[in-house]
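The values are calculated or read from the model by the stated rules, or taken from the named source; none is laboratory data. Remember, predicted model here, so these are calculated numbers, not experimental data. Note: ideal-geometry Cβ built from the backbone for every residue, glycine included; neighbour counts use all protein chains shown. To get the accessible areas, we keep the full protein, side chains included, count just its heavy atoms, and leave off ligands, DNA and RNA. Shrake-Rupley method; radii C 1.70, N 1.55, O 1.52, S 1.80 Å.
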Amino acid sequence: MTQLKTLYIFLAKQTVWFSFDGKRRCLKPASKPLDSERILELCREFDASKIILFLEFPWVLTHFEITITLSPDEMEAFARMRLGFHDNPKGGVKSTRQELHSSLNRQEIPVGGIYFKQAQLDRIGLLCAILSAESLNLKKILKQELNLSVEAVPLVVACMPILQNNPENSLIFKGLEQSFYVEKTDGFLTKLVELPAFGKINQELFVSDQLPLNSNPQTFQLLPEEMKNDLSENIIPDTEKRDNNSSANMHYEITVEFVLSAWKGLAQNPKSGFWWASFKKSRRLKQVGTWWNFAGVLILAAVVGAGFYYYQTLEQKKVLQQELSRLELELEQHINNSPSRISGIREKHLEQLEEIAKKLVQESLWKQQTLQTLFSSIEDAWLERFEFKDRKLRLELLALEPINAVNLFLKLSKMPETAKVHFKSQRKTSIKGHELIKFKLLIDLAPPSKTEAP
């Protein structure tokens, strides 16, 4: 829903459209570029309370690139690095770039942007824009002469929601005088390229030649073809119907009212919509930052004074701790060098060694007895190989029949010397023409009982 008191201006190099109070008005393309004075003269005819400028080149310059996520400061530097305006030719716009830059600080030329999510992780599609000095001059004149609020928006940004919602993956958008090739992949915006102006050469054929496509891109245009060739300054009501011959045109029209209904206004953050970096806000923040710096200096001075006093206290405490540590060390040396203490430590050490020796002897005898018992219990089988480590015994055996291997497995499992017996594998083998059964047993030995003696 458009506001009745808001004047919407669609402005290109030689074309300008007005939308106010539900009616449109267009100016025939001039033979030379439009200037701020001519636009101001036309705006005086409207009783508006606010003006929104939808701009095309040379009033605004845009650039799209897939990049990493940037902070507002990084985005501003990135946009300034990517964008720039060429000098206007002599005899063109009255206010040349040099004259405007003499009255406008370069830092006051704002840049802005909007983020589009991409399929790649940690990547975004950044559409950034920068206003020319002519645009800032136009805004300044409109504010001073008409005493109105003025906002500037790149026209392609206002039309982007409509292009995003279109099911076509490749399309051409023709604005007032500027055209863009838009490409989407799985709903993500991957390309937004400005197309050169060729006059009578078909831009669809140019795109198909430069970017091989399976089909020609769908074309959407802001101005119908019949209006481009015969524009007038007459008021065009919304209810007026176009000629039936336009239905045969393969181009699809995006009406001005549709663009205005899709426009949601400027945002405070590039992630939620198009956003301009405001120099005035940053200047106010700098002033606030100056007061904060002054307060910080006072706080820092107080902290330094308190820290100096605390440092002196710590130094005194450190000297006292060093003296106390020296006295404790001397006392400990006197105690350690006493004969009674040395004799007690030697006796305790000998007792520990004797206990360890007893345990080693008991462990060795227990292992010897356990292995002898297990080996003597092997019946109806031959021991081919064994490994013993950390109370785990691995046996590789041969038997005439599979039942012999099973019987031996059951017998060893029931013995008190074994905690658990695992039947690992069994296969047939042959030795000198005799078929045998080769099998493996893994035995976990039971721990020795406390009543066992060496």
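The slack between Glu41 and Ser325, meaning 0.36 nm per residue of separation minus the straight C-alpha distance, is 93.1 nm.
Taking the Cβ of Ser413 as the centre, find all other residues whose Cβ is under 13 Å away and add up their charges (Lys, Arg: +1; Asp, Glu: -1).
+1
In segment 374-454, the convex hull through the Cα atoms has an average projected area of 5.8 nm², a quarter of its surface area.
Provide the per residue accessible area, probe 1.4 Å, for segment 349-454, rounded to a whole number of square angstrom. Display every interim value, and only then the final one.
Details: 7500 Å² over 106 residues.
Ligands and nucleic acids excluded, the figure is 71 Å² per residue.
How much of the calculated P(r) for segment 1-82 lies past 21 Å, in percent of all Cα pairs?
Across segment 1-82, Cα pairs with separations above 21 Å total 45 percent.
When the pairs Lys140/Lys264; Lys191/Lys264; Lys414/Lys438; Lys23/Lys117; Lys140/Lys184 are compared against a 30 Å limit on Cα-Cα distance, Lys23/Lys117; Lys140/Lys184 fall above it. A Förster radius of 56 Å combined with the Cβ-Cβ distance from Glu351 to Leu314 puts the calculated FRET efficiency at roughly 0.75. Modelled label positions at Ile403 and Ala267, each set 7 Å beyond Cα in the direction of Cβ, lie 8.5 nm from each other.
For Ser338 and Leu383, the difference between the fully extended length at 0.36 nm per residue and the C-alpha to C-alpha distance is 10.0 nm. Each listed q (0.24 Å⁻¹) maps to a log10 I(q)/I(0) for segment 37-78 from the Debye sum over equal C-alpha point scatterers, namely -0.95. The label-point distance for Lys50 and Leu298, in a model that sets each label 7 Å from Cα toward Cβ, rounds to 4.1 nm.
Residue separation of Lys432 and Gln144 scaled by 0.36 nm, minus their Cα-Cα distance, works out to 92.2 nm of gained length.
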